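Single-structure report; data block below.
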Amino acid sequence: MSNVVIVGVQWGDEGKGKFVDLLAQEIDYVVRFQGGNNAGHTVIVDGKKAALHLVPSGILHEGKICLIGNGVVLDPVVFVEELDTLIGQGVDVSPNRLKISSKTHLIMPYHKVLDKARENKLEKGQKIGTTGRGIGPCYEDKVGRVGVRASDLADPDLLKAKIAAALKEKNVLFTALYGIDALAVDAVFDEVMAVAPRIIPHLTDVSSELEQAWNEGKSVLFEGAQGIHLDIDHGTYPFVTSSNTVSGNAAAGSGVGPNKLDRIIGILKAYTTRVGEGPFPTELNDATGELLRTSGGEFGVTTGRPRRCGWQDIPVLRESARLNGLTDVALTKLDVLSGFDTIQICVAYEYKGKRMDYPPQEQGALDLVSPVYESMPGWKEDITACKTWDELPEAARAYVQRLEQLSGVPVSMVSVGPDRNQTIFR
Ligand code: GDP
Ligand code: IMO
Ligand code: MG
């Protein structure tokens, strides 16, 4: 198989973890290239569930090499907790198969404190609804050229100097602006150094590892986190995460040339969900939304928050196709739509008296659009045991085909349940 990028094309939680795990069967290396433990990727194998936040979802396949790229922000304490959980489940997470770029930035205790303090202070309507994991503040320090990188764990003097410099500024914010206690340099240093010996053996040069892999004829899967409409540039700013989630960042976030990205698969949920604040044109604040939430088990893997639910949004999908260069789409959770009399698809928006096929680009504009819906007949059958395209009810096939027509992107795989084997390849 050639190299593959997997990205979420909505607001996250589309089922990326399932497809990374599934496609990893045919792949040698799996690389995470952005985001941090704001991600929650659920993988179910033979009814057993694994929730992964930092470790690539390929880890459950024996013999696959998993890499964490420079574009990721890594919480060292959470990473070690995740290692221990996986070890407890009998998964091999030894340093020769799970490696971290020495350039990966570390989420420090003060990033988490700042993330939460800021969110608490914001008024309703301004809150982002972050996961509180320190993601934004860590990326800020990276871009501000004062971040801590994974390789600093092996250089205690440099690490301590960076922590002291960071706290000089952050402690002023904590005490003067947010009214919380200052953090002590030694306490932060000790907390991080306590886990350093567990991380240092995993450090590597991911870019060179990948070059070596390709020299040996291996294939690579790039695992995205979040979704395109949470992208720092192209998402519903400011209600976004702090990294580029688009497929192009697979190259920058792991240190490879963009010509290595062959197939770009967008993971698309059969309906739409969103966690946290921000515009959501097709959101259903009614019994139908509640039904999607309960039937789809739409509660966050990372924070447990109920996910907001609504119908499929084609303008959002069209824009995702454009931003990512999608070659094909894997449609997930089609089984959750079983039982509806009719299913709605938002085919365009009305905005300022005009019909729009793509989302308007000005900040806040997505709050002002009205979805234009098309109705399709639903189906009543349970489809979770369907193994082939032809076994799907006609109405379900028609729904998938309509999504293809409206978006211009082929649906190559259809998921009818969380397990690896509940997948139809077309
Ligand atoms: P990710 O963040 O994109 O990896 O997605 P999450 O793991 O946060 O959320 C997707 C959820 O849907 C997980 O609980 C999956 O086990 C589950 N899931 C994935 N595909 C399907 C499917 O086709 N049908 C159903 N019912 N659940 C699915
Ligand atoms: P996966 O990889 C869904 C959302 C948060 C919040 C916004 C900013 O599982 O699809 P952050 O903590 O990143 O600064 O929060 O982004 N968010 C996600 N929503 N799935 C995710 O990841 C998310 N990661 C961040 O809810 O609205
Ligand atoms: Mg998730």
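The values are calculated or read from the model by the stated rules, or taken from the named source; none is laboratory data. What you see is a predicted model, and the numbers here were worked out from it, not measured in a lab. Heads up, the Cβs are rebuilt from the backbone with ideal geometry, glycines too, and the neighbour counts pull from every protein chain shown. Accessible surface areas use protein heavy atoms only, side chains included; no ligands, DNA or RNA. Shrake-Rupley method; radii C 1.70, N 1.55, O 1.52, S 1.80 Å.
Among the residues of region 112-160, just one is among the aliphatic types (A, V, I, L, M) and closer than 17 Å to R305 by Cα, namely I128.
Cβ separations smaller than 8 Å between residues 6+ apart or across chains give the following pairs from region 9-26 residues that are at positive phi to residues that are away from ligand 3 (no atom under 13 Å from the Cβ): G15/A330; G15/S415.
Taking region 400-422 on its own, how many of its residues are open to solvent by 10 Å² or more (accessible area, probe 1.4 Å) and closer than 15 Å to D21 by Cα? Looking only at that region, the number is 5.
Pick out the one residue from D341, D328, D335 that is surrounded by fewer than 21 Cβ atoms within 10 Å (Cβ to Cβ) and in contact with a Gly (Cβ under 7 Å, 6 or more places away or on another chain). Break it down stepwise before answering.
Numbers: D328 fails: in contact with a Gly (Cβ under 7 Å, 6 or more places away or on another chain); D335 fails: surrounded by fewer than 21 Cβ atoms within 10 Å (Cβ to Cβ).
Of the residues listed, the single one that is surrounded by fewer than 21 Cβ atoms within 10 Å (Cβ to Cβ) and in contact with a Gly (Cβ under 7 Å, 6 or more places away or on another chain) is D341.
Just one residue in the set V240, V275, V256, V301 is among the hydrophobic types (A, V, I, L, M, F, W, C), more than 16 Å from ligand 3 (Cβ to nearest atom) and not assigned by the TED database to the domain that holds G136; that residue is V256.
Taking the numbered list (1) in a helix (DSSP H, G or I); (2) in the same structural domain as N37 (by the TED database) in turn, I232 passes all entries but (1). Just one residue in the set V240, V188 is in contact with a helix residue (DSSP H, G or I) (Cβ under 6 Å, 6 or more places away or on another chain) and either crowded, with 23+ Cβ neighbours inside 10 Å or in a loop (DSSP other than H, G, I, E, B) (or both); that residue is V240.
Answer with yes or no whether L368 is without any contact (Cβ under 8 Å) to a residue 24 or more places away in the chain and surrounded by 13 or more Cβ atoms within 10 Å (Cβ to Cβ). So L368 passes the test.
Residue count for region 297-342 satisfying the condition of being away from ligand 1 (no atom under 12 Å from the Cβ) and at pLDDT below 95: 0.
Exactly one residue out of A150, A117, A154 is among the small types (G, A, S), surrounded by fewer than 21 Cβ atoms within 10 Å (Cβ to Cβ), touching a residue at least 60 places away in the same chain (Cβ under 8 Å) and more than 9 Å from ligand 2 (Cβ to nearest atom), and it is A117.
Restricting attention to strands (runs of 3 or more DSSP E) lying wholly within region 302-383, give those where 2 or more residues are closer than 30 Å to D21 by Cα. Walk me through how you get there before you give the answer.
Numbers: elements: 308-310, 328-332, 342-351, 354-356, 370-377.
The strands (runs of 3 or more DSSP E) meeting that bar are 308-310, 328-332, 342-351.
Within region 97-114, the residues that satisfy the criterion of being more than 30 Å from G58 (Cα to Cα) and open to solvent by less than 20 Å² (accessible area, probe 1.4 Å) are Y110, L114.
Taking region 371-399, which residues are closer than 24 Å to W11 by Cβ, under 26 Å from the mean Cα position of the chain (by Cα) and open to solvent by 20 Å² or more (accessible area, probe 1.4 Å)? Listed by number, the list holds a single entry, P371.
Taking E298 as the residue in question, decide whether it is within 28 Å of I128 (Cβ to Cβ), within 16 Å of ligand 2 (Cβ to nearest atom) and in contact with a helix residue (DSSP H, G or I) (Cβ under 7 Å, 6 or more places away or on another chain). First the steps, then the outcome.
Numbers: within 28 Å of I128 (Cβ to Cβ): yes; within 16 Å of ligand 2 (Cβ to nearest atom): yes; in contact with a helix residue (DSSP H, G or I) (Cβ under 7 Å, 6 or more places away or on another chain): yes.
It is true that E298 is within 28 Å of I128 (Cβ to Cβ), within 16 Å of ligand 2 (Cβ to nearest atom) and in contact with a helix residue (DSSP H, G or I) (Cβ under 7 Å, 6 or more places away or on another chain).
Applying the set (1) open to solvent by 20 Å² or more (accessible area, probe 1.4 Å); (2) touching a helix residue (DSSP H, G or I) at 6+ places or on another chain (Cβ under 6 Å); (3) over 20 Å from D367 (Cβ atoms) to H234 leaves exactly one unmet item: (3).
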